[in-house]
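The values are calculated or read from the model by the stated rules, or taken from the named source; none is laboratory data. If you're wondering where the values come from, they're calculated on a predicted model, not measured in any experiment. Note that each Cβ is placed from the backbone with ideal geometry, even for glycine, and that neighbours are counted across all protein chains shown.
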Amino acid sequence: MPDFEKAINIMKEIFSRDYQFALSTANNNIPSSRFVDTYFDGESFYIVTYKLSQKVTEIADNPNVSLCSRKMHAFSGQAYNIGHPLKDENSEIREVLIKAFESWYFKHNNEADDNVCYIKINPTTGFFHKDGTGYKINFIEQTASTFPFAFDTVLMDE
């Protein structure tokens with residue numbers, strides 16, 4: 001199996017669930033970060049959010065974003081507001097996101113509100129690790145490289 005395909009399969013194992021990342025956006029070259037719940041479908045990351053939020057406003061002006069987790073998984077890419085969950089073209093991903101975010105989806109998202117929306121992030125580059133192997137991935141060129149990697153950062157609770 002080519003390295004890129006293997007890397008994508010491992011990403012699915014890790015990120016095809018409710019996975020928290022810090023999402024960084026920028027406005028007038030000033031960065032802003034916040035934690036968001038994401039889901040990776042094998043090609044893109046998805047976020048359920050609110051159209052009037054700061055992150056969506058900043059993405060509309062500058063689609064370049066980055067994701068970083070507490071475990072040093074990091075991705076850069078382009079983000080887009082793909083609209084309301086009830087749009088016909090969002091029906092398939094909506095079903096997936098409802099299941100992935102089952103414990104909170106309807107508690108925190110009122111789909112009767114026209115401002116609820118999905119953000120789709122198409123990653124361009126990234127780094128992640130699993131089982132002592134680091135993966136550097138280029139989504140544009142569809143390449144990946146692997147190397148030994150030991151995650152030895154001590155994670156602290158607040």
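If I14 satisfies every condition in (1) of a type in the set (V, I, T); (2) within 10 Å of the chain's Cα centre (by Cα); (3) closer than 20 Å to H129 by Cβ but one, which is the exception? Status for I14: all satisfied but (2).
Does V36 satisfy the condition of being of a type outside the set (D, E), modelled with pLDDT of 95 or more and under 12 Å from the mean Cα position of the chain (by Cα)?
yes
Number of residues in the stretch 1-33 that are at pLDDT below 95, part of a loop (DSSP other than H, G, I, E, B) and either among the small types (G, A, S) or farther than 24 Å from T146 by Cα (or both): the value is 2. The residues of the stretch 69-91 that are more than 26 Å from F151 (Cβ to Cβ) and in contact with a Gly (Cβ under 8 Å, 6 or more places away or on another chain), listed by number, are E89, N90.
Inside the stretch 114-141, residues that are more than 19 Å from E13 (Cβ to Cβ), out of contact with any Phe, Trp or Tyr (no Cβ under 8 Å at 6 or more places or on another chain) and of a type in the set (D, E, K, R) make up a count of 2. Highlighted here are the helices (runs of 4 or more DSSP H) found entirely within the stretch 49-158 that include at least 1 residues which are touching a helix residue (DSSP H, G or I) at 6+ places or on another chain (Cβ under 9 Å) and in contact (Cβ under 8 Å) with a residue 12 or more places away in the chain: 91-100, 105-108. I'd like the full set of residues that are under 22 Å from L86 (Cβ atoms), in contact with a strand residue (DSSP E or B) (Cβ under 7 Å, 6 or more places away or on another chain) and either surrounded by fewer than 20 Cβ atoms within 10 Å (Cβ to Cβ) or not polar (S, T, N, Q) (or both), limited to the stretch 1-54. Within the stretch 1-54, D18, V36, D37, Y39, F45, Y46, I47, V48, Y50, K51 meet the criteria.
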